[in-house]
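Structure first, then comments.
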Amino acid sequence: MDTSIQQITQDLDRFIRSEVLGNRRAEPIRADEELLKGGIVDSIGFFKLLSFITEHFGVEHRDDELVPDNFRTLDIIAKRISQRQAKPSGSG
């Protein structure tokens with residue numbers, strides 16, 4: 001399922017605000033806002049987010065990819081998802 005980066009960002013934002021933050025935040029998360037350092041996503045929320053990315057976008061992450069820099073902002077996550085969706089199946 002190829003999806004635009006903007007749509008991916010919106011889907012991630014909606015998921016984080018509803019499932020990770022429990023609808024405690026009304027305003028959208030900025031694409032460049034720090035998720036982990038900014039306290040938006042904690043360790044439990046991080047694993048919820050990983051599960052959502054796998055289920056919703058069909059993108060799995062190797063252990064060596066699970067570093068904070070790869071999940072710093074919605075923009076970074078969305079671009080990684082888009083790149084992974086564009087790769088042919090089985091190529092990393």
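One residue stands out in region 27-76 among those that are modelled with pLDDT of 95 or more and of a type in the set (Ser, Thr, Tyr): the one that is nearest to ILE5 (Cα to Cα), namely THR73.
Being open to solvent by 70 Å² or more (accessible area, probe 1.4 Å), more than 10 Å from the chain's Cα centre (by Cα) and closer than 15 Å to ASP11 by Cα is the requirement here; does ARG30 meet it? Spell out how you get there, then give the answer.
On the way: open to solvent by 70 Å² or more (accessible area, probe 1.4 Å): yes; more than 10 Å from the chain's Cα centre (by Cα): yes; closer than 15 Å to ASP11 by Cα: yes.
Yes; evaluated as a whole, the condition is true for this residue.
Tally the residues that are among the hydrophobic types (A, V, I, L, M, F, W, C), open to solvent by 20 Å² or more (accessible area, probe 1.4 Å), part of a helix (DSSP H, G or I) and in contact (Cβ under 8 Å) with a residue 12 or more places away in the chain, restricting the search to region 45-92.
To start, the set of residues in region 45-92 that are among the hydrophobic types (A, V, I, L, M, F, W, C) comprises 46-47, 49-50, 52-53, 57, 59, 66-67, 71, 74, 76-78, 81, 86.
Imposing the further condition that a residue be open to solvent by 20 Å² or more (accessible area, probe 1.4 Å) reduces the set to 46-47, 50, 52, 66-67, 76, 86.
Pick out the ones that are also part of a helix (DSSP H, G or I) and you get 46-47, 50, 52, 76, 86.
Restricting the remaining residues to those that are in contact (Cβ under 8 Å) with a residue 12 or more places away in the chain gives 46, 50, 52, 86.
Summing the residues that are among the hydrophobic types (A, V, I, L, M, F, W, C), open to solvent by 20 Å² or more (accessible area, probe 1.4 Å), part of a helix (DSSP H, G or I) and in contact (Cβ under 8 Å) with a residue 12 or more places away in the chain in region 45-92 gives 4.
The values are calculated or read from the model by the stated rules, or taken from the named source; none is laboratory data. Every value quoted in this text rests on a predicted model; they were computed, and no experiment measured them. Neighbour counts run over all protein chains shown; Cβ positions are idealised from the backbone, glycine included. Ligands, DNA and RNA are excluded from the accessible area calculation, which covers all protein heavy atoms including side chains. Shrake-Rupley method; radii C 1.70, N 1.55, O 1.52, S 1.80 Å.
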